[in-house]
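Presented below is the structure to which this report refers.
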Amino acid sequence: MSKIPNKELLIFDWDGTIMNSVPKIVATLQSAARSLSVPEPDPISAKNIIGLSLDTAVATLFPEHSEFHQALEEQYKHHYIAVDTTPTPLFNDVESTLSALKQKGYSLAVATGKSRKGLDRLLGETGLGHFFDITRTACEAKSKPHPQMLEQILDFYQLSSHQAVMIGDTQIDMQLAANAAVDSIGVTFGVHSKDELALFNPRATVNSYTELLALF
C-alpha cells in the first residue's frame, strides 16, 4: 500500500472510526423507538444514518412520525447515557497510532455527528482529548455531509483542502470529504464495507489502525 504524501492534517470521524460504538447506536435508536411505540428501524437503516447530526438522523429514520421527532431525540440521549449498556471500546491500536502520528508531526482533528456534550464526555473518558487541537461536532456546524465542519477545521489551521485527509467508516464521511475537496481514507471496521466506501473514490481503504499508520 503506497504512502500518502504531502498531508499535514488528519481529520478523524469518531463513531465507527475511533470508537466501536455502532452496535450501541443501533440498539439505542431501536430502544428510543420502542419507548414511544414507533416502529423501530432495522439494523441496516440505523447504521446508515451514523454520522448525521441527531436531529437529521431522526428525521431520516422516522419521516412519517414528525410529531415524535423531538421526543425520539430525547429518548435516544436518555437511553444512550443512562440505559443501554452495550460496550463502546476503542478500536485496536487507536491510542498508539494517534501517538505515532503526532510524533511524526501531523496535526489531528475530529469531525463528528455527535453533540458537543457527548464528544467532550468521551474525549475525557477515553483520555484521547490531548491528541486533537480542534474538534467539530453537529453543534458547531451543519450536519455531514455538508462541508462546513471540514471548512472550519481547515480555517483553524490555515490550511488548504489538499493538505488534509478525512478518515471515516461511512459513505457519509466519504461524501463529506468530497464536498470539501479533501482526500479521504475509508476504514472497514465500522459501518460500510470496502466496496461501499469505494463508490466515493477514497485514496485508500484500510482494515486496521496498523494499516492506517503505514500510509503515513
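The single residue among His69, His130, His78, His65 that is over 20 Å from Asp169 (Cβ atoms) and either in contact with a helix residue (DSSP H, G or I) (Cβ under 6 Å, 6 or more places away or on another chain) or crowded, with 21+ Cβ neighbours inside 10 Å (or both) turns out to be His69.
For the stretch 187-209, how many residues meet the condition of being in a helix (DSSP H, G or I) and either outside the structural domain of Thr97 (by TED's automatic domain parsing) or without any contact (Cβ under 8 Å) to a residue 40 or more places away in the chain (or both)? Matching residues across the stretch 187-209 total 5.
State whether the residues of the stretch 112-130 include one that is closer than 24 Å to Pro5 by Cα and either among the hydrophobic types (A, V, I, L, M, F, W, C) or touching a residue at least 24 places away in the same chain (Cβ under 8 Å) (or both). Looking for residues that are closer than 24 Å to Pro5 by Cα and either among the hydrophobic types (A, V, I, L, M, F, W, C) or touching a residue at least 24 places away in the same chain (Cβ under 8 Å) (or both), one finds none in the stretch 112-130, hence no.
On the stretch given as the stretch 70-126, residues that are of a type in the set (S, T, N, Q), over 27 Å from Ser208 (Cβ atoms), under 17 Å from the mean Cα position of the chain (by Cα) and assigned to a helix (DSSP H, G or I) total 0. Contact map, the stretch 8-35: first residue touching a residue at least 24 places away in the same chain (Cβ under 8 Å) and closer than 26 Å to Ala180 by Cα, second residue among the charged types (D, E, K, R) and part of a helix (DSSP H, G or I), Cβ cut-off under 8 Å, separation 6 or more or different chains; pairs are Asp13/Asp173; Thr17/Asp173; Val22/Lys47. Mind listing whichever residues of the stretch 170-182 are more than 17 Å from Leu108 (Cβ to Cβ), of a type outside the set (A, V, I, L, M, F, W, C) and buried (at least 22 other Cβ atoms within 10 Å of the Cβ)? Selection gives Thr170 alone.
Against the conditions (1) β-branched (Val, Ile, Thr); (2) crowded, with 23+ Cβ neighbours inside 10 Å; (3) modelled with pLDDT of 95 or more, Val191 satisfies every one except (3).
The values are calculated or read from the model by the stated rules, or taken from the named source; none is laboratory data. A quick note: this is a predicted structure, and the numbers were derived from the prediction, not measured. Every residue, glycine as well, gets a Cβ built from its backbone with ideal geometry; the counts of neighbours run over all protein chains shown.
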